[in-house]
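Q: The following block contains the structure, expressed as C-alpha cells.
Derivation of every value follows stated rules applied to the coordinates shown; laboratory data play no part. Source: prediction; values computed, not measured. Note that we place each Cβ from the backbone using ideal geometry, even for glycine, and neighbour counts take in every protein chain shown.
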Amino acid sequence: MHDIRLTRDEQTVPGNALVITPMGNKTLRNDDTFDFDWHFQEVISPVVTEAGMTPVRADSVYGPANVLDVVWRGIQQAEVCIVDFSCRTPNVAMEYMAAKLIGKRMIYLAQHADDIPSDVRGLRHIPYTPLYADMARMRAELRQQLEAVRLEPVQEMALIPLATGGVTPARAQVVSVSADFAVVRAADGTLGVLSGEDVDWSRIVTDMTRFCTVGEWLDGAFEMLPAGGTKYTLLSGQQNPWRQLEATHPVGHTFTGTVHSVRQAGVFVRISGPVNGLVPRSSLPAGTEFTPGSQVEVTVLSVESRRRRATLALAQRRAQGRGRPVVPFPSSGATSAGTASPGVALQERLEGEVVKVVPEGQGGYVLLRVACRERPVFLHCSAMSGQLRHDLNHGGIELGEILDLEVSSINLHQDKVCVRDVEPEDEARNEAEVSPDEAKGGPEDLPQAA
C-alpha cells in the first residue's frame, strides 16, 4: 500500500464485516486444494448475515483503477474485520496491518497456527479444517465472536482530512465540455475536471455534452486525489451504493422491486437506494406490460459495479411440477451481460452422473455430469445427506452412479453450479405438496408480470 496515503478519510459503515481472506483455490500444507471462494460464500457469509451484519470481501471492492485505494476505503468502512491467515497469503497480511493501523476490531481465522505471521503470532484465533465437524465448530465460534466484538469499545483512528486539502465543497462554472469530461472553475479560480463517473451513482454519463453546457453552474466539491491533482465531483459525501450491492444482492438473489421506468431497452427496477437494474426487453414474455410504481419479482443475473450496471430477469413463482420458487436462466447461450449461462435454475431438481469422487481429507466433494450443462456440477460433503456422506468416505459412491440433486447456488462469473443431494423422503414430501392443479401446470406456473 505504498502508493496511497494511509490517512483516515472514510467513516465506518455500521454493520459492514470486511472478510480479509485468500481468494480462489489454494494449496494447503497437506497438498490438498481448498476453495476459499466457496468458504466465503457458503460458510462465512451466512454466519455474518445471521449475526445481522453485511459480509463484504476485499475483492468485491476491487476495481481496474487504484486497487489498493479502494481496498483501503473498504477497510476504513468496516465495523469489524474477519482475517483468515490460512496459507500465509501476502495480501492478507498487508491488509491486516492496514486494519491494525487504524484500530479496527478484528476476528482471526487460520487452518494452522503457523499460518499466522511470526511478528503477530500469539493472537487468539479460531482454528478450522475442511472437515465438516471442524467447519461447524468454527461457524458457531465465529457467530459468538461477532456478537461479542461488536460490544467492545471503539478505539479507531479519528477521521483526518488529507494534508493536501481533502474535499472542498464549492460551486463551479463549466468552462469547457467534451463527450468525456467537463472542465470547471470556481469563483477563486480553482480548476477541476468532472468526469461521467462523478455525476450520478445510478449510472455513468457517457456523453458529458448531454449533461452540462458551457457557462452552467454546478454544486459539487473539489477533491484532491491521492496521486496528486484535483477532480470535481457531484457525489462528495455520498456513500457508493455499488460497494454493498454485490454483497446484499448476489447473483441468483430474488426480491420484489418497484418499476422505476419503462424504456426501449427494457424495464428498470429499483434495487437499492438510487440503483436500478435492467430487465432486458428481449427477455420479457410477449404481451407483458409494466407501469412505473408497480411491484415485480425479479432475480439478479449480474452486477457490474465498475460499469454501474445490474441485469435482472423476471422470477418464476413456481417450477414446473413443484411448489418451489426458482430463478430463470437461459438453457444455453449467454446472458444479456455477456456471461455464460449455467443452463440450470436455483432449486431445480436434476439427475447427475458421478464422474469424480474425492473423500474428506482430500477435498470432500463429488463432481456430477448433468444433461443441461457441459461442465460438471459440484456437490460438497457439507451439502450431502448423512448416508451419502458416509458412502463418500467409505468407497460407497461409484463412478457412473446416478444421484438425485437440487441446485443450491449458481456463480455465473465462474460458471460454477453447486448442488445438494435429495433424500427420498424430501422427494416424497415435495410431491405430496403439489396440488392437482399445480401438477397440471396452471396459470400460476407462468412468469408473473407486475
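Q: Just the Cα atoms of segment 349-433: what Rg and Dmax do they give in Å?
A: Computed over the Cα atoms of segment 349-433, radius of gyration and Dmax are 12.6, 39 Å.
Q: Kirkwood Rh and Cα-based Rg: tell me the resulting Rg over Rh for segment 16-149, rounded to two decimals. If you can, show how the numbers build up before the last one.
A: Values: Rg = 13.9 Å, Rh = 14.9 Å.
Value, to two decimals: 0.93.
Q: Turning to a different aspect of this structure: What is the fewest-to-most order of Arg373, Arg171 by other Cβ atoms lying within 10 Å of their Cβ? It would help to have the intermediate numbers written out before the result.
A: Values: Arg373 19, Arg171 12.
Ordered from fewest to most neighbouring Cβ atoms within 10 Å, Arg373, Arg171 come out as Arg171, Arg373.
Q: What is the packing order of peptides 186-198, 83-95, taking the mean over residues of other C-beta atoms within 10 Å and listing the highest first? It would help to have the intermediate numbers written out before the result.
A: Working: 186-198: 15.3, 83-95: 19.2.
Result, highest mean Cβ count within 10 Å first: 83-95, 186-198.
Q: Run through every distinct alpha carbon pair of segment 167-233 and return the Kirkwood hydrodynamic radius in angstroms, one decimal place.
A: Values: mean 1/r = 0.0849 Å⁻¹.
Final number for the Kirkwood radius of segment 167-233 is 11.8 Å.
Q: Okay, moving on. To check my understanding: the extent here is largest minus smallest coordinate of the Cα atoms along each principal axis. What are those three numbers for segment 187-297, in Å, largest first?
A: So the three principal-axis extents are 56, 32, 21 Å.
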